[in-house]
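Below is one structure, written out as structure tokens; comments come after it.
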Amino acid sequence: MTNKLISLLLAAIFTFATAALAEPAAPMDAASAMADAVSAEAAESASRQEFRSLDQDVQSLKKEVLDLNRDLFLLEEELLFPANSQVAFFISMDVGEYFDLDSVSLKIDGKEVANYLYTARETDALIRGGVHRLHMANLKTGDHELIAIFSGKGPHVRDYRRGATLSFDKGIGAKYVELEITDRVKKQQPEFVIREWE
Amino acid sequence: MPSGCSPVRCLCLLLALSALTPSAQAADDGRDPIVVKDPHYGEVLFYFYQEDYFPAIVRVLAAKERQQLDDHADDAELLLGGMYLSYGHHLEAAEIFERLLADNVAPDIRDRTWFFLAKIWYQRGYLDRSKEALGFIQSELPKNMQREALMLEAQILIDDGEYDTAIEKLQRWEGETEWASYAKFNIGVALVRLGRIDEAARLLDELGNLDPFNEELTSLRDKANLALGYALLQDGQALAAKEPLQRIRLEGPFSNKALLGVGWADAESESYERALVPWMELQGRDLLDPAVQESMLAIPYALAKLDSISQAADHYLNAIEAFYEETSRLDRTIQRIESGEFFDEFIQDDPLDSTGWYWHLEELPEGPEARYLFHLLAKHEFHEGLKNYRDLSYLYRNLDRWQQNVDVYANMLETRKEAYNERLPRVQDALARADLEGMVNRKLEYDSTLNNIEESNDWLALATKSEFEMWGEITGLESTPALQADIIEAEEVADKIKLLKGVLQWDLERDFRERLWRVRRDLRQTGEALVETQRLRRQIDESMRLELLKFEELNGRVSGLAPRIEGTKMRLEDALSKQRVFLQSIAIGELRAQKQRLDRYTIQARFALAAIYDIAATVGEVSE
């Protein structure tokens, strides 16, 4: 009984120490440890093959769904915001030392169209160089006025609320407006700049 | 394996450093920040930095399709490769790297990327690709990676059964690091497999005596001691086996097997009383562990050897009962897994807020199967399969949402088309009323008339209405018969008329050039307005023509996407079902193996119990 048991456990113990194989394995049948170890390896190899085949299917499906999402994303945008009337408003941030962003509110031609509260994770993404598409709108060609109100913590962790305005001309074709929060080092104050992209 | 960042996290970090230099980060390390030149690229980064890889990838693909990333084309492509990896889309990622890494990236980053890819592929069971990726490494990796790469190479050789070559590779190991300990262990195990016990024992003993400075090394030391102990036990060196086995921690993951082994070492030396001490320690431990199950048979075996027959019988009865209960639990779990309920509930309870490689099961689902799942999750294929199952569910739910949206879009398009068709006749009517061509002709006529006026210096043609009327009156008076009378008054009036006519003519001739210029200017402006009107008209005509085409094009896309979604959903359902069957087969296979072992132990216990009853009966008969 002893030898049988030892053989059984040996097969379980002699697994190799790598990340992939560092987990404790279950013991195998005890008739012949080496024979069982070989058959277990064969089973493991078959299981690995099956996993690989399924994984390849999953890979191909991931590609298919991503392509579908791309097409649907484009379709949705073209349907809801046709290029000739589309205006997109982006928020970006420089280092952010003098301003800790909480929320941004947008008014277009006197009408509030967006009021967005940022999570810490989103603010961090903005500081690291991300740009958030805050709002998409359909606007007629001609002159429009944008008012953006930024709320957050300013220098010395005080509540800070600032507005920025922009009068812009919407021509034919999509228009992108970027609202950038930057640090003005000399004044140790944040600065809010609005830029237009064509 | 020494801890560190996961391959994917490391690779993403690497790519983030090479492809992107976010301002804050750049400011920290003194490099010039890369200015995001395109808000669409910035938008991708916004999701990337939040580790929301799926929306980030979709945005890169969409922006690429619209050619909105021209200023960041290379960065975006490399970033896409990194995000594909994070999302678990490693084959697509590899294609990008193979294309980009050749000449667009610094050699050290390229080599490290291949190294990480090799690791990922090894973990996913793509051993051939892993080997290939290691082959792409051209220059020297940093020392720690070099060691890990060698380890990986050796591991692939071991998986292929090439133990000798693996030993040869690992023996060339340089330096005393954590990796060296792992290498020693692997060499030791390979030597045991080749039957070279003495060589193996030296290495494992060395490892078993090391002074670990972290949990991983402590665990490796336990593992080496366990391997050595059992190798010696099998080699018939029971006494020698005790020392390494007793070096194993009492509360570590290998303690159950160690306690069992120590007991067997004592039993081999016929010290059954001593053997009972570690075996009894196993009594209160989790019955899922085979060592604990074995101890339930080992204890009565030792008791029987010590002639405590009745106690042995009690322990055998306890073991039979415990095995029965465990078997019943296993049956219920197998049934639940077979029904598919388990995986359905698992996915329903899971928020699916992240996908891909980063995901790890943080909390086991409640229920009787949780204790078995814990063991199953340690199986590599099961864990990776569960990730795939989860990702497939995410994709299915994603398409489910889009399917509803697409229905709304189809309705929206239909409504827009109806509104367009309703307005169109009114617009066409208004357009038909506006005789643009007639206006243009009239303008041309005016041009011609004005040219004639200029050529003939027809100053009267540019007179105002009142001047013209006045001119008419004067010329009318001029021809009055009374003025022909030969009287002085008539002559005076005729002179006055002549004077008036002369003044008027003088005025008209004087203003002729200016009036001509004004009329020409007005005509030119009219012409410009007419051109603009014609342009707008053409634009309206074009819009009307294009709107119909646009409707058709969008309609075609919407109606083309609907079956694509449906077809992909069906494939996803199929893949989900296959993945579930795969997971079920691993889980059930594992549970059935446990059940079979318990059945075998039950038979052994019953047989031993019957033997005890026989002995007892025989002793009874003899004493009578």
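Observations on the structure shown:
- Taken across segment B:400-416, residues that are part of a helix (DSSP H, G or I), surrounded by 15 or more Cβ atoms within 10 Å (Cβ to Cβ) and away from chain A (no Cβ under 11 Å) do not occur at all.
A quick yes/no check of all residues on (1) over 20 Å from B:ARG193 (Cα atoms); (2) assigned to a helix (DSSP H, G or I):
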residue: B:GLU206; (1), (2): no, yes
residue: B:SER219; (1), (2): yes, yes
residue: B:ASN225; (1), (2): no, yes
residue: B:PRO244; (1), (2): no, yes
residue: B:GLY252; (1), (2): yes, no
residue: B:ALA258; (1), (2): yes, yes
residue: B:ALA265; (1), (2): yes, yes
residue: B:GLU273; (1), (2): yes, yes
residue: B:VAL277; (1), (2): yes, yes
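- All of (1) closer than 20 Å to B:GLU206 by Cα; (2) over 42 Å from the mean Cα position of the chain (by Cα) hold for B:GLU268 with one exception: (1).
- Screening A:GLU77 against (1) assigned to a helix (DSSP H, G or I); (2) more than 22 Å from A:ILE172 (Cα to Cα) leaves a single unmet condition, (2).
- Enumeration of residues in segment B:251-276 that are touching an Asp or Glu at 6+ places or on another chain (Cβ under 8 Å) and away from every other protein chain (no Cβ under 14 Å): B:ARG274
- Checking the stated criteria, A:LEU101 turns out to be more than 7 Å from chain B (Cβ to nearest Cβ), surrounded by 17 or more Cβ atoms within 10 Å (Cβ to Cβ) and of a type outside the set (Phe, Trp, Tyr).
- Given (1) at pLDDT 90 or above; (2) out of contact with any Ser or Thr (no Cβ under 7 Å at 6 or more places or on another chain), number of the condition A:THR182 does not satisfy: (1)
- Unmet criterion (only one of (1) within 24 Å of A:ALA120 (Cβ to Cβ); (2) in contact with a Leu (Cβ under 9 Å, 6 or more places away or on another chain); (3) modelled with pLDDT under 90) for B:GLU51: (2)
- Criterion (under 23 Å from B:ALA94 (Cβ atoms) and in contact (Cβ under 8 Å) with a residue 40 or more places away in the chain) met by exactly one of B:ARG124, B:ARG129: B:ARG124
- Filter result for B:ALA617 (assigned to a helix (DSSP H, G or I), within 30 Å of B:TYR409 (Cβ to Cβ) and of a type in the set (A, V, I, L, M, F, W, C)): no
- Segment A:145-190: number of residues that are basic (Lys, Arg), farther than 20 Å from B:ASP38 by Cα and in a strand (DSSP E or B): 4
- Any hit, segment B:553-571, residues being surrounded by 13 or more Cβ atoms within 10 Å (Cβ to Cβ), at pLDDT below 90 and either at the interface with another protein chain (Cβ under 10 Å from one of its Cβ atoms) or in contact with a strand residue (DSSP E or B) (Cβ under 7 Å, 6 or more places away or on another chain) (or both): no
- Close pairs (8 angstrom Cβ cut-off, 6 or more residues apart or separate chains): at the interface with chain A (Cβ under 9 Å from one of its Cβ atoms) in segment B:49-61, outside any helix (DSSP H, G or I) and among the aromatic types (Phe, Trp, Tyr) anywhere: B:PHE54/B:TYR87; B:ILE57/B:TYR87
- Pair list, Cβ < 8 Å and 6+ apart or interchain, from segment B:397-413 residues that are touching a residue at least 24 places away in the same chain (Cβ under 8 Å) and closer than 14 Å to A:ASP71 by Cα to residues that are of a type in the set (Lys, Arg) and crowded, with 16+ Cβ neighbours inside 10 Å: B:LEU399/B:LYS569; B:GLN403/B:LYS569
The values are calculated or read from the model by the stated rules, or taken from the named source; none is laboratory data. Because the structure is a prediction, the values reported are computed rather than measured. Methodologically, a virtual Cβ is constructed for each residue, glycine included, from the backbone with ideal geometry; neighbour enumeration extends over all protein chains shown.
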